[in-house]
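Structure record follows, encoded as structure tokens.
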Amino acid sequence: MSALQRVGRWLAGPIPVSIVLAFLIGACFMLIAGVDPLSGYAAMLQGSFGTGAGLANTLQRAVPIIGIGIAIAIAFRAGVLNLGTEGQAGLGALAGGIVAIYVPGPAFLVLLLALVTAVVVGAAWGLIAAVLQNLLGVPILLSTLLLNYPARYFSSWLIRFRLDESSSDLVASDQVRPEVQLSMIVPRDSGLAETLRGSLGATNPVTAVLTGVNWSLIVLILVVIATIFMNRRTRYGFESGLSGQNAEFVRYGGVKPGPLVLRTMALSGGLAGLFGLMLVIGAPNTRLIEGYFVQTNYAWTALLVTLLALYRPVGIVIAGTFFAAIMVGSDAMGRELGLSPQIAAVIQALVIILLAFRVALPRFRRRRAGGEGAAAPPPLPTPGEPQPALTGAAVPEAPDTAAEKESE
């Protein structure tokens, strides 16, 4: 099959078709609201990728979505349904933020300690669910989902009643020292920034990205590369991938599921805590704000991104950037055309719903056709008569390996 044929086959697949249909349905909503869909989508594209500032905003918005999506994908790929990244990221951000704000010392050491603290706390919160499953048989799907609530309300209580800084109009902590923050890749007041603005222009995409996106983008790139390497070149990546496809096979191969679940939840929760902290102390953010992480809804957007990308790191990068562009572009569309930015949530939900429908429909049709066309079972043989050969015995349908290949 040629490259052109492969591209054409992918374009006719579930993901592109679902995205196009979602935008068409979104256009119907715009018409109902009295907005020209072409003008609306043009404003969305211009606001997310058409300007240097828009591109910088899109990348900055995509970092936590992709990072938490990678954390979810590591768990899902191993067959561990971790739905608790909101709590893991929130507690990691809280603990690391407290270290960054209140621990004295050299800025570099304080920042390093804050990052380590966020990873450890996020991993510890994830390990609670793993221990509950290994010792008591509590499903991780249920425990991780429920553990989001104590994490959310404890963070809210601590910021409101113990860390609140009275001079601020927000329910928020003291400010993070500027030298402890994750600064922009090129600080805006540096000589290099002035050189970039003078040579390329202040609105140039390169200038806007380097001076408008903090170092969390670089950390994200390293995490994505490390995840790809882990999945393809390490024993853990091999075992977790097989466990997600056939847990019984891995168990018979000598891999103990309990320790594998522990390692997976620790890694997934630690990454969630890391990116939760970077959202809090990455410039231009300077405070722990009550409910900030929950209100952004990054954890659940990351879950949609992970499902859309079928747990593949590169796919998560593409899908996360796509969803971030929709969110940033919807804000721009709201400013220019007066349309509610909630259209972004509508389009995201439609993409996932239509994708699930497109994937499930062919399987439903196959099962229905198999049920209607199945022959009646043969009569029981009469004792003493020769037994017929099993040449017509039904063979179980081979599983659809497309999703399995995508998850590797």
Scan segment 304-313 and tell me whether some residue there is surrounded by 18 or more Cβ atoms within 10 Å (Cβ to Cβ), of a type outside the set (S, T, N, Q), in contact with a Pro (Cβ under 8 Å, 6 or more places away or on another chain) and within 30 Å of Pro14 (Cα to Cα). no
Screening Phe76, Phe29, Phe23, Phe49 for residues that are among the aromatic types (Phe, Trp, Tyr) and either over 27 Å from the mean Cα position of the chain (by Cα) or farther than 30 Å from Met333 by Cα (or both) leaves only Phe76
Condition set assigned to a helix (DSSP H, G or I) and polar (S, T, N, Q), scope segment 21-80, selection surrounded by the most Cβ atoms within 10 Å (Cβ to Cβ): answer is Ser48
When segment 81-97 is checked residue by residue, the ones that are crowded, with 20+ Cβ neighbours inside 10 Å and not small (Gly, Ala, Ser) are Asn82, Leu83, Thr85, Glu86, Gln88, Leu91, Leu94
Checked Ile140, Ile159, Ile185 against criteria (free of Cβ contacts under 8 Å to residues at least 60 places away in the same chain, of a type in the set (Val, Ile, Thr) and in contact with a helix residue (DSSP H, G or I) (Cβ under 8 Å, 6 or more places away or on another chain)); the one match is Ile185
- Considering every residue within segment 164-173, establish whether at least one is surrounded by fewer than 16 Cβ atoms within 10 Å (Cβ to Cβ) and within 23 Å of the chain's Cα centre (by Cα). no
Reported set for segment 244-255 where residues are surrounded by 12 or more Cβ atoms within 10 Å (Cβ to Cβ) and either out of contact with any Lys or Arg (no Cβ under 9 Å at 6 or more places or on another chain) or farther than 14 Å from Leu81 by Cβ (or both) is Gln245, Asn246, Ala247, Val250, Arg251, Val255
By residue number, the members of segment 245-278 that are of a type in the set (S, T, N, Q), at pLDDT below 95 and in a helix (DSSP H, G or I) are Gln245
Here the residues within segment 289-313 that are more than 12 Å from the chain's Cα centre (by Cα) and in a helix (DSSP H, G or I) are Tyr292, Phe293, Val294, Gln295, Thr296
Within segment 32-56, residues being under 28 Å from Ile185 (Cα atoms) and of a type outside the set (A, V, I, L, M) number 8
Here the qualifying pairs (Cβ atoms under 6 Å; residues six or more apart or on different chains; first in segment 85-106 and on the phi < 0 side of the Ramachandran plot; second not in a helix (DSSP H, G or I)) come out as Gly97/Leu288; Ala100/Val176; Ala100/Val180; Ile101/Ser173; Ile101/Asp174; Ile101/Val176
Scanning segment 283-315 for residues that are under 17 Å from Pro16 (Cβ atoms), of a type in the set (A, V, I, L, M) and out of contact with any Asp or Glu (no Cβ under 7 Å at 6 or more places or on another chain) gives Leu304, Val305, Leu307, Leu308, Ala309, Val314
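The values are calculated or read from the model by the stated rules, or taken from the named source; none is laboratory data. All values reported here derive from a predicted model rather than from experimental measurement. Quick reminder, even Gly has a Cβ in these numbers, built from the backbone with ideal geometry, and neighbours come from all protein chains shown.
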